[in-house]
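What follows is one structure encoded as structure tokens, with my remarks underneath.
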Amino acid sequence: MQILHSDPHVVVIIKPGGLLAVPGRGPDKQDCAMNRVRELFPESIDYPAAHRLDMATSGLMVFGLTTEAYVGLSRQFAERSVDKRYIALLEGNVSGSTGEIVLPFRLDPDNRPRQVYDPEHGKTGITQWGVLEREDGRTRVEFIPITGRTHQLRVHAAHPKGLDCPIVGDSLYGHGQEGDTLHLHAAYLHFRHPVSGEELAFCSVPDF
């Protein structure tokens, strides 16, 4: 876990894929980015994670070490004022070069944590996207999630009503096998420092 920035209020890290963002249920799911931050910064509040990344997703995360910072960051995420951008490598050639996906989906209770398309009962997820590169039958894209639903980018990439090209390594929605590396990386994060008001931006280049 790499630390890109730290001050008395805010910590920004690069979370590796395969590491939980926050603790899960049970003693075997306590090793996570949030608890590692708390160990490194013992002055931190008990729950500094202002947002989450899927366990399989790598990339940038920001934490609020103080109550003031946590509340301020959480408000920015809730108000969608944080600029978040992801890089993904998709299986197949995406049709078109840019667009917006608007797709309702919900949890499949019989196959947790898989999400399923449901135009009647699902909640709408919105993602803007653009092709960066096409290479060897795969497409590298930038995703800008407007909403922050669970598995949103993975569903929007894979579903026929989305891009119909699952993310490389996705064992839930694509052709990946258990343990494969998900080629999805939180590559850019731009937000306002919750205490000083300074504009902060961070970039992280994926290793795929």
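The values are calculated or read from the model by the stated rules, or taken from the named source; none is laboratory data. Please read these numbers as outputs of a predicted model, since none were measured by experiment. With ideal geometry, Cβ positions are generated from the backbone for all residues, glycine too; neighbour counts draw on all protein chains shown.
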Being surrounded by fewer than 17 Cβ atoms within 10 Å (Cβ to Cβ) and either basic (Lys, Arg) or not in a strand (DSSP E or B) (or both) is the filter here, so list the residues in the range 116-137 that pass it.
-> Asp118, Pro119, Glu120, His121, Lys123, Arg134, Asp136, Gly137
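Per-residue answers, yes or no, for (1) under 21 Å from Ser74 (Cβ atoms); (2) exposed (fewer than 13 other Cβ atoms within 10 Å of the Cβ); (3) without any contact (Cβ under 8 Å) to a residue 60 or more places away in the chain:
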{"position": "Leu4", "(1), (2), (3)": "yes, no, no"}
{"position": "Val12", "(1), (2), (3)": "yes, no, no"}
{"position": "Gly17", "(1), (2), (3)": "no, no, no"}
{"position": "Leu20", "(1), (2), (3)": "yes, no, yes"}
{"position": "Arg25", "(1), (2), (3)": "no, yes, yes"}
{"position": "Lys29", "(1), (2), (3)": "no, yes, yes"}
{"position": "Phe41", "(1), (2), (3)": "yes, no, yes"}
{"position": "Pro48", "(1), (2), (3)": "yes, no, yes"}
Count of the range 161-178 residues which are under 18 Å from the mean Cα position of the chain (by Cα) and either aromatic (Phe, Trp, Tyr) or at positive phi (or both) = 2
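Looking only at the range 163-181, which residues are touching a strand residue (DSSP E or B) at 6+ places or on another chain (Cβ under 9 Å), closer than 23 Å to Val102 by Cα and assigned to a loop (DSSP other than H, G, I, E, B)? Step through it out loud before you land on a result.
Filtering the range 163-181 down to residues touching a strand residue (DSSP E or B) at 6+ places or on another chain (Cβ under 9 Å) leaves 163, 165-170, 172-176, 181.
Retained after the next criterion (residues that are closer than 23 Å to Val102 by Cα): 163, 165-168, 170, 172-174.
Selection gives Leu163, Cys165, Pro166, Val168, Asp170, Leu172, Tyr173, Gly174.
Within the range 74-93, track down each residue that is assigned to a loop (DSSP other than H, G, I, E, B) and in contact with an Asp or Glu (Cβ under 8 Å, 6 or more places away or on another chain). Quick ask: steps written out before the conclusion?
First, pick out the residues of the range 74-93 that are assigned to a loop (DSSP other than H, G, I, E, B): 79-82, 92-93.
Result: Gly92, single match.
Filter the range 76-96 down to the residues that are touching a residue at least 24 places away in the same chain (Cβ under 8 Å) and over 27 Å from Val168 (Cα atoms), then identify the one that is nearest to the chain's Cα centre (by Cα).
This residue is Phe77.
Filter the range 1-43 down to the residues that are under 23 Å from His183 (Cα atoms), charged (D, E, K, R) and either at pLDDT 95 or above or part of a strand (DSSP E or B) (or both) and list them by number. Step through it out loud before you land on a result.
Within the range 1-43, the first condition is being under 23 Å from His183 (Cα atoms), and the residues that meet it are 1-4, 12-24, 29, 31-34.
Keeping just the survivors that are charged (D, E, K, R) gives 15, 29, 31.
Across the range 1-43, the qualifying residues are Lys15, Asp31.
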Based on what the data block shows, is Thr67 surrounded by 20 or more Cβ atoms within 10 Å (Cβ to Cβ), at pLDDT 95 or above and polar (S, T, N, Q)?
-> no
